[in-house]
Every structure is written in C-alpha cells, then in structure tokens.
Amino acid sequence: MIERIAILGTGLLGTSVGLALRAVGYRGSIVGWNRSAEGAQTALSMGAIDEIATGPIEAAKASQVVLLSVPIYATLDLMEQLSPVLGPDHLVTDVGSTKAQITEAAGRLFNTPERAAFLPGHPMAGKERGGAELGETNLFRGAVWLFTDDPAWQRSANGSALINSWREWIAAIGARVIDIDAGRHDEMVAWVSHLPQFTATALSALLEDEVGDAPELRDVGGRALREMTRLGASPFSMWRDIAHTNTAAIERALLGMEQRLAQIRENLRTPGLREEFEKANEFRKDF
C-alpha cells in the first residue's frame, strides 16, 4: 500500500524509523530531508533513507506518507506549508512530544475528503541526546506509540487506508499502538516524561553550582548520581518547544514536585518519611 515515504527530519527518531522499517521488511522508497545536510548524509550512510531530498515540500508531494520528525514549532510550520499542496492521496503524521496544538492544527488544515489526512503521533522512545548517528533499529521495540486521532474527522478513503497501513507498520517495528485524547496525552506526559526531565535538569544544574568543581565528585558520585542526572545531558533545543506548548500541565507537575519535596523535608525526623518511601516502593512495583 505505502510505496514511498518522506522522512522530514533525519535526527534520532526519523533515522530510527527508517532503520526500523527496513529491518522489518519495508521495500518501498524512503526519502529523507534534514535542515542540517550532515544529518541527512549520516542517515543515508546508515541505510535509514535511500536518497536525500532537495527540499521538504518537494519530498512530501512525491510521497504517499510524510513523517514530520522535527521540533514542535517546526512541525506546525511544515503543516501550514504542506496543507495547500497535498491532497487526499497523502498521509502526514508526526512524532511531536506534545499533541494539543498539533492535533488542533490537524483538524484545521487537514482531514477532509479534499485534503491530505493527518495522524498525530508520539512514540514514547528516545534518548537524552539527538542526532542521526544515534539512530537505532530497535529503538521502538517494546515502546508505546501514541496517536491522538479524532473520530470526527472525515477523510478520503485513500487517506483512511494509508492510516491503517501506517499503523500496521508501526506495530510491525515493535511498538504498541495506543489511541488517546490529545488533552489527556499532554497531561499524562507532563507527569511521566516532562517532570522527570525538568527534575533531572534542576538537579544537575544545582549540583553544578554546589559541587561541580569538587575534586572528589567523580569518586563520590556513584550509580545513583549517574542515573538521576542522565537526563540532565538533554540539550535545551530539544525541550524548548515542549516547555512552550505544554506550559500549564508542566507547571502543575512541577508545583506538585515542589510540594512533595517540601513534605519530605518537613518529615525527615517523623514517621511521614516512612510513608513517602512506602508510596514510592508501591509505585515502582509496576515497572
């Protein structure tokens, strides 16, 4: 069904999608485009794409499925550019980490019988750093791939068929497909993805200020320090758009964290500290 895919953004996720598709037997053509020519060339040399496109719009028009694997604001910008030039024989999808604004734009710009279909998506997989060179064939195996589709959208028959085919390929590369409301998605990821990142960032920044120049740091800091600060290596460029497009939900999560830390501080010498550990242990039983 899907004979040609355009991956717009050959960073970690885009490159990993291309590698994963090839590994499970996709035999169609995969064209890639990246703002950095070096990133596209790396994806090509790794076998994630077959050719490098000269531009994103041309690549999208010549493909059936268009995967937007760029930061959120860049995704929204490409959606505006692609909407008037693609038709009902196209499917556009994305990997954005927040979904409310992208899903709203999908309903406004796409998903009518005369226009291209758009399927908002978000794979819960990644690393603290990006780049095509970090792409992995098995990055999505065992991960959840979330879709915030809207059943009210009226698409062309071909658009719906492309969506079904794309969902099948996502399952084929080892991901578990889950449908979720866009607002609920942003609320949940604020707690389970964004809060851990910003907590690790705050902890790492605090440690840099307090003990960053301590000569004993490498000797004293062990596994717990490495695990807790791993996400602190994430660059601002990866998280700016997330912070800007899910601000309210992240603020609520951070406030909850601040209050919980204060509760622990106030109970360092009381039975309340035991209760916190018991709740934490109970939560970890599921992972």
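Odds and ends about this structure:
- Residues that are closer than 12 Å to W153 by Cα and of a type in the set (V, I, T) were ranked within region 73-120; the one that is farthest from the chain's Cα centre (by Cα) is T112.
- Of all residues making up region 46-100, the number that are within 15 Å of I7 (Cβ to Cβ), of a type in the set (V, I, T) and without any contact (Cβ under 8 Å) to a residue 60 or more places away in the chain: 6
- Those residues of region 210-237 which are loosely packed, with under 10 Cβ neighbours inside 10 Å, of a type in the set (G, A, S) and in a loop (DSSP other than H, G, I, E, B), in sequence order: G222
- Residue match in region 28-49 (condition: over 27 Å from A182 (Cα atoms), aromatic (F, W, Y) and in the same structural domain as L146 (by TED's automatic domain parsing)): yes
- Of all the residues in region 244-255, those that are touching a residue at least 40 places away in the same chain (Cβ under 8 Å) and not basic (K, R) number 7.
- If you go through region 168-181 and keep only what is in a helix (DSSP H, G or I) and either under 18 Å from the mean Cα position of the chain (by Cα) or closer than 14 Å to M124 by Cα (or both), you end up with W169, I170, A171.
- Region 14-27: number of residues that are surrounded by fewer than 15 Cβ atoms within 10 Å (Cβ to Cβ) and either more than 25 Å from N158 (Cα to Cα) or not aliphatic (A, V, I, L, M) (or both): 2
- Conditions (1) touching a Pro at 6+ places or on another chain (Cβ under 9 Å); (2) at pLDDT below 95; number of the one not met by V17: (2)
- Sole exception among (1) within 15 Å of L21 (Cβ to Cβ); (2) in contact with a helix residue (DSSP H, G or I) (Cβ under 9 Å, 6 or more places away or on another chain); (3) touching a residue at least 60 places away in the same chain (Cβ under 8 Å); (4) not in a loop (DSSP other than H, G, I, E, B) for S165, by number: (2)
- Evaluation of I170 against (1) touching a Phe, Trp or Tyr at 6+ places or on another chain (Cβ under 7 Å); (2) at pLDDT below 95 (one fails), failing number: (2)
- Selected residue [within 16 Å of M124 (Cα to Cα) and out of contact with any Leu (no Cβ under 8 Å at 6 or more places or on another chain)] from R218, R184: R184
- Qualifying residue in region 238-257 (condition: of a type in the set (D, E), over 17 Å from the mean Cα position of the chain (by Cα) and outside any loop (DSSP other than H, G, I, E, B)): yes
The values are calculated or read from the model by the stated rules, or taken from the named source; none is laboratory data. Nothing here was measured: the structure is a model prediction, and the numbers come from that model. Backbone-built Cβ (ideal geometry, glycine too); neighbour counts: all protein chains shown.
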